[in-house]
1. Can you pull out every residue in the range 35-72 that is over 20 Å from the mean Cα position of the chain (by Cα) and at pLDDT below 85?
2. Quick one: residue 117 ticks every box in (1) modelled with pLDDT under 95; (2) farther than 16 Å from residue 61 by Cα; (3) surrounded by fewer than 18 Cβ atoms within 10 Å (Cβ to Cβ) bar one, so which box is it?
3. How about the range 143-245: which strands (runs of 3 or more DSSP E) wholly inside it have at least 2 residues that are within 14 Å of the chain's Cα centre (by Cα)?
4. Can you report the number of residues in the range 133-142 which are buried (at least 21 other Cβ atoms within 10 Å of the Cβ) and either assigned to a loop (DSSP other than H, G, I, E, B) or in contact with a helix residue (DSSP H, G or I) (Cβ under 8 Å, 6 or more places away or on another chain) (or both)?
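The values are calculated or read from the model by the stated rules, or taken from the named source; none is laboratory data. Just so you know, these numbers come straight off a predicted model, no measurement behind them. Positions of Cβ are generated from backbone atoms using ideal geometry, with glycine treated the same way; all protein chains shown enter the neighbour counts.
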């Protein structure tokens, strides 16, 4: 995993959810596995442009602002490899005592008895919420694999940054960042499941007291887990959640 300094990019999105069952294969032509999965389309929008009925309208979209309060320039979200979607993961404990702000937020709520469900679809008012299944043990790892790609009209870039909040230490631990830069040409899925685990340690005077350990972001140590989303004009991000096993 790569260490990433906590820079945020602005982006906007809306989400469409469906369960899709197909013949199981390792990969499709777009880079994602085939088989049973939940589709979530993250669609950039403005608050005044929500469909009739807003967040309570038909379907299962999650709406967040097309442009957030702070965000990236095209230069800061371009990957040297030329990829349109890439994942930057932590390889050691990376934390801040300043609450992330300036973006739209999606909160993730774990469940050991329920399934995948979008609870609140409107993040243009600040925050949306998605429920995800986790293991019924001390580890509490997510029971889904996540694949992401950016689609839509070329132009715009965004970042989705995960944070697990440790209330006891009043620290936000960074769990990884999905960076997106929509260009012309084919866009492929990449696996980003590791945004749901994090390196954690006890902190004193801004440094880890012992070697960091890798935990699920839904471990009982953490009070909350969310994505802070920063967008600069990205209109469509497609996500697929695949049940494990």
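1. Those that are over 20 Å from the mean Cα position of the chain (by Cα) and at pLDDT below 85: 47, 48, 49, 50, 51, 52, 53, 54, 56, 57, 58, 59.
2. Only one criterion is unmet by residue 117, namely (2).
3. Numbers: elements: 144-151, 157-166, 171-181, 197-200, 213-216, 224-232, 236-243.
Because the criterion is at least 2 residues that are within 14 Å of the chain's Cα centre (by Cα), the strands (runs of 3 or more DSSP E) in the range 143-245 that meet it are 144-151, 157-166, 171-181, 197-200, 224-232, 236-243.
4. First, pick out the residues of the range 133-142 that are buried (at least 21 other Cβ atoms within 10 Å of the Cβ): 134, 142.
If we keep only those that are either assigned to a loop (DSSP other than H, G, I, E, B) or in contact with a helix residue (DSSP H, G or I) (Cβ under 8 Å, 6 or more places away or on another chain) (or both) as well, we get 142.
Qualifying residue count, the range 133-142: 1.
Every residue, every condition in (1) under 19 Å from residue 100 (Cα atoms); (2) surrounded by fewer than 18 Cβ atoms within 10 Å (Cβ to Cβ), yes or no:
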residue: 183; (1), (2): no, yes
residue: 191; (1), (2): no, yes
residue: 217; (1), (2): yes, no
residue: 224; (1), (2): yes, yes
